[in-house]
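Each remark here refers to the structure printed beneath this line.
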Amino acid sequence: MRAENDFTNKSAEIALWSAPLIADRVHDGYERLFGGANEFSETLSWLHRRLWQTLLEGDAPQAERARSDLMSVARLASLPAQEIEAIDAVIVDDLLRVILRHGASSRETARCCGMRLVQAASKLGEMRAAA
């Protein structure tokens with residue numbers, strides 16, 4: 001039980017420190033897609049940040065709702081799913097780079113954060129496949 005609590009506590013750190021990085025990546029991605037800030041880019045950015053927050057917190061039911069909301073607005077904006085997936089790929093790559101770069105300071109925390117990122121990416125893949 002202690003090991004499970006330790007994993008949960010250490011892996012939860014990723015949800016805290018990753019929020020600014022995720023916000024930057026989704027903001028940049030949607031502004032690029034829409035040619036600047038507009039109602040769709042702002043709404044999609046907020047929904048996409050919420051999706052990643054719930055994924056990294058390990059809250060699968062909330063993540064599924066967040067992705068459903070994101071995809072609904074994307075359809076209204078005539079935005080193909082591939083564009084959202086491209087932003088997700090940038091997020092995964094950047095989070096992994098940060099985990100690997102800072103892993104030397106705490107290997108156990110890096111391992112737990114890496115495992116949480118793998119779980120989040122796997123859940124995201126499951127949601128895409130089910131769509």
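The values are calculated or read from the model by the stated rules, or taken from the named source; none is laboratory data. Model, not experiment: these values are computed from the prediction. Note: accessible area is taken over every heavy atom of the protein model, side chains too, but ligands, DNA and RNA are not part of it. Shrake-Rupley method; radii C 1.70, N 1.55, O 1.52, S 1.80 Å.
In the chain, the longest principal axis of the Cα atoms and the axis of helix 60-76 are about 20 degrees apart. A simple rule links phi to the HN-Hα coupling: the Karplus curve 6.51 cos²θ - 1.76 cosθ + 1.60 with θ = phi - 60°, which for the stretch 21-35 gives 4, 4, 4, 4, 5, 6, 4, 4, x, 6, 5, 5, 5, 9, x Hz, with x for Gly and Pro. Largest to smallest in accessible area, the residues Asp28, Asp69 fall in the order Asp28, Asp69 (1.4 Å probe, all protein chains included).
Ligands, DNA and RNA are left out, and with a 1.4 angstrom probe the accessible area of the chain is 56 Å² per residue. Within the accessible surface of the chain, defined with a 1.4 Å probe on protein heavy atoms only, the carbon and sulfur portion equals 54 percent.
Percent of C-alpha pairs per 5 Å bin in the stretch 10-130, short distances first: 2, 12, 23, 25, 18, 11, 6, 3, 1.
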